[in-house]
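Student: Supplied in structure tokens, the structure appears directly below.
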Amino acid sequence: MSKDKSLVQIALYAALIAALGLIPPIPFVTGIPITAQTLGVMLAGIMLGPWRGALAMALFMFVVALGAPLLAGGRGGLGVFVGPTAGFAIGFPFAAFATGYMALWLKRLPVFPASLCAAIFGGILVLYLFGITGFKLISGRDWLDATLIMAVFIPGDLVKAVIAAGVAQAVIKGLPGAVQTRS
């Protein structure tokens, strides 16, 4: 793949996660909203592979750190790295990498189950590892409390994982070369 095409794909997925931030977040009592942006993290890993997916998320977070209000609810700037969602924001590139790596590792399986497992592993397990850790450190809660508070978000993220797997399967049918973890 050419360097230009890779750069365009990285920028495109950074823009996709920004666009998903325009969907109004659903506020939650924990201070952590339900957003569509984790779907973008899952898709970046599955579609671009581990390195390009992580770079797309790192680019997105860099632009957010510069002050662009691209996170759900119009948040941006360095303050997002000290709030209750800081762990999730920091974890985006790592989660995309893990998703892409798992998708590559499972590429002998059919597209849908491989993509679903990859999205669950990277987009939920790895991302929640960062999210729960950040929430615990910011809120001062113990590990069990922080984990239980985050558990309410898992059903919605499982739906996002199914959507990401469905998108990957649809794209493979129409543009087989567009899914880097299948090339």
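The values are calculated or read from the model by the stated rules, or taken from the named source; none is laboratory data. As the structure is a computational prediction, the values presented were derived from the model and not from experiment. Please note: Cβ atoms are built from the backbone with ideal geometry, for glycine as well, and neighbour counts cover all protein chains shown.
Student: With the requirement that a residue be under 12 Å from the mean Cα position of the chain (by Cα) and more than 20 Å from I23 (Cβ to Cβ), what does segment 56-76 give you?
Tutor: Hit for segment 56-76 is A58, nothing else.
Student: While we're here: Go through segment 155-183 and give me each residue that's loosely packed, with under 12 Cβ neighbours inside 10 Å and β-branched (V, I, T).
Tutor: The one that is loosely packed, with under 12 Cβ neighbours inside 10 Å and β-branched (V, I, T): V159.
Student: Pairs under 7 Å by beta carbon, first residue aromatic (F, W, Y) in segment 105-119, partner not in a helix (DSSP H, G or I), six or more apart or different chains?
Tutor: none
Student: Another one. Does G40 satisfy being out of contact with any Cys (no Cβ under 8 Å at 6 or more places or on another chain), modelled with pLDDT of 95 or more and under 18 Å from I154 (Cα atoms)?
Tutor: So G40 fits the description; yes.
Student: Let me ask you something else. Collect the residues in segment 127-158 that are aliphatic (A, V, I, L, M), within 14 Å of the chain's Cα centre (by Cα) and at pLDDT below 95, keeping them in residue-number order.
Tutor: I154
Student: Is it the case that some residue within segment 77-86 is polar (S, T, N, Q), part of a loop (DSSP other than H, G, I, E, B) and farther than 15 Å from A18 by Cα?
Tutor: Yes; the residues of segment 77-86 include at least one that is polar (S, T, N, Q), part of a loop (DSSP other than H, G, I, E, B) and farther than 15 Å from A18 by Cα.
Student: With the requirement that a residue be out of contact with any helix residue (DSSP H, G or I) (no Cβ under 6 Å at 6 or more places or on another chain) and either closer than 18 Å to T133 by Cα or surrounded by 17 or more Cβ atoms within 10 Å (Cβ to Cβ) (or both), what does segment 73-89 give you?
Tutor: R75, G79, F81, V82, G83, T85
Student: Restricting to segment 104-120, what's the tally of residues that are closer than 25 Å to F62 by Cα and more than 11 Å from the chain's Cα centre (by Cα)?
Tutor: The total comes to 1.
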